[in-house]
Amino acid sequence: MLYQRSSALFKEAQQVIPGGVNSPVRAFKAVGGTPIFAKSAKGAYVYDEDGNRFIDYINSWGPMLLGHAFPPVVDAVIEKTKEGTSFGMPTALETEIAELAVSMVPNIDKIRFVNSGTEACMSAIRLARGYTKKDKIIKFAGCYHGHSDSFLIAAGSGAVTFGTPNSPGVTQGTAKDTLLARYNDLENVKELVEANSSEIAAIIIEPVAGNMGCIPPIEGFLEGLKAICDANNMLLIFDEVMTGFRLAKGGVQELKSIDADIVCFGKVVGGGLPVGAFASRNEIMNHLAPLGPVYQAGTLSGNPLAMAAGLSMLRAINNDSGLMSRLEEKTKYLHNGIALALSKNNITHSINRVGSMISVHFSEDPVVDFESAAKGNNDTFKKFFHGLLDKGIYIAPSAFETWFITDALTYEDLNETIAAIEEVAKTL
Ligand code: KE4
């Protein structure tokens, strides 16, 4: 593969954009090399500025569940643009997508649209704090809820795991209100609640984690969190920015039959345009301005182009009864093919998969939390990533990400991917 044009564009970009990118993971820091610059994409393929075609397993980090340039989304955005791009006034379109989302997702009465997953999660914890009148939250090491201050917290020292900032610019004052727990470790959560229960407003979690690779909740873990929240006047917040409308029409609440108190969305719900959302039952959502005292706002929230794209996506998902099983079958087929290709070449690995989310870990032990995910051999991952890239297969440029399977993938694409993995495995 030649990447001359991408290299030249990267040099130019670095003169005027920090690190040459508008989001750090795109810079390939975790795998080295020069980031490839996308020129266009269609269906399961992305085309770079050098004319290379890649089978895409990132899909804009999740939104392209139905493939790039999905015709109903493209048509809807083009038509809507002709009527104006933003009004800062309520529109019937926002009600239409809100009604559809509420009908698809269990246990919510109202939804508020924002412009990113970060905004959705940031607003959700403010709402939880306002509703419970308590300040602290529990998050899990390795879970990512966007870049607002309360989430950029590393595990602190000491048994009670008080947070410490993991980015300059985040204050100790903020960090003290975020407690860190270990994913899939209910006892650890119980310890934290014991030590702080009167002050904890909420537990926020990726109910299927996707930011340390894909990590499923162990049996009983989510149910245990729900019981702890119910017993301690705390809210359970499901961050479904990745899993919402992907793992089931109703997300993980449907998949695992568990009722969260607040659910956050992003990615798929916008069909590739900037949309986030958070939702809950009336008694909680009615605390939000202008109805209630918890303030939250946004100039472009609910803008017509993003709503048109999101509505097209949700309609397509809602009307396609075979979609989730097709995605599951394609991902299982890929899982089996990868496992065979790596095992044939005696490559130590483990694969995690839930629905259309999958990740490959070059480690002996099962990957069940951040600590076990971090034990993966990153040198092997780097070779794996670049070997596949040079064969036209584009996976996430970090071992701490999940792959996102799109329904646009054919079994020929999957076979091409598995064959490439078998070739690359010989070099690892
Ligand atoms: P955004 O603000 O990036 O739209 O969403 C933040 C967010 C919230 N919750 C979860 C579970 C997420 O995965 C994300 C964002 N995901 C990353 C991928 N790991 C986006 C990629 C990036 O940062 O460029």
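Per-structure values
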item: Viscosity 0.890 mPa s, temperature 25 °C, Stokes-Einstein D of the chain from Kirkwood C-alpha radius, µm²/s; result: 110
item: Dipole magnitude of the chain about its Cα centre (Cβ charges: Lys, Arg +1; Asp, Glu -1), debye to nearest 20; result: 620
item: Relative packing of 148-154, 167-173, which averages over residues the other C-beta atoms within 10 Å, highest first; result: 148-154, 167-173
item: Alpha carbon convex hull of the stretch 188-340, projected area averaged over orientations, nm²; result: 11.5
item: Estimated [θ] at 222 nm from DSSP helical runs (n ≥ 4, -39500 (n - 2.57)) normalised by residues in the chain, nearest 500; result: -11000 deg cm²/dmol
item: Most to least packed among 398-409, 85-96, 278-289 [average Cβ atoms within 10 Å]; result: 398-409, 278-289, 85-96
item: Extension reserve of the Tyr295-Ala231 stretch, reckoned as 0.36 nm per residue once the Cα distance is removed; result: 20.3 nm
item: Span-rule helices in the chain, defined as complete DSSP H runs reaching 27 Å or more along the axis (Cα) with Kyte mean at least -0.5; result: 323-344
item: Full-stretch length increase - Asn415, Tyr333 - with 0.36 nm per residue and alpha-carbon distance subtracted; result: 28.6 nm
item: Euclidean distance of C-alpha centroids, the stretch 231-264 and the stretch 294-336, integer Å; result: 15
item: Too-long pairs where the Cα-Cα distance tops 26 Å, listed order kept, from Lys267/Lys330; Lys249/Lys383; Lys39/Lys82; result: Lys249/Lys383
item: Kirkwood hydrodynamic radius of the stretch 71-318, from inverse mean 1/r over distinct Cα pairs, in Å; result: 18.3
item: Gln15-Asn319 pseudo-label distance in nm [points 7 Å out on the Cα-to-Cβ vector]; result: 4.8
item: Full-extension gain in nm, Val74 to Arg326, via 0.36 nm per residue minus C-alpha separation; result: 88.4 nm
item: Set of aspartates and glutamates with alpha-carbon distance to Lys42 below 15 Å, sequence-local pairs under 8 removed; result: Asp56, Asp75, Asp407, Asp413
item: Lys/Arg +1, Asp/Glu -1 at C-beta; the stretch 341-428 dipole; positive extreme among Asn352, Ile405, Leu428; result: Leu428
item: Eligible lysines near Lys382 by straight Cα distance, threshold 21 Å, same-chain separation 8 or greater; result: Lys29, Lys344, Lys391, Lys426
item: Proximal lysines relative to Lys134, as straight alpha-carbon distance under 19 Å, when same-chain residues fewer than 8 apart are discounted; result: Lys176, Lys190, Lys226
item: Most mobile listed residue (Tyr144, Tyr394, Tyr411) in the chain, GNM with C-alpha springs under 10 Å; result: Tyr411
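Throughout, read-outs are computed from the coordinates displayed, never taken from laboratory work. Please read these numbers as outputs of a predicted model, since none were measured by experiment. No Cβ is skipped: glycine too gets one built from the backbone with ideal geometry, and neighbour counts run over all protein chains shown.
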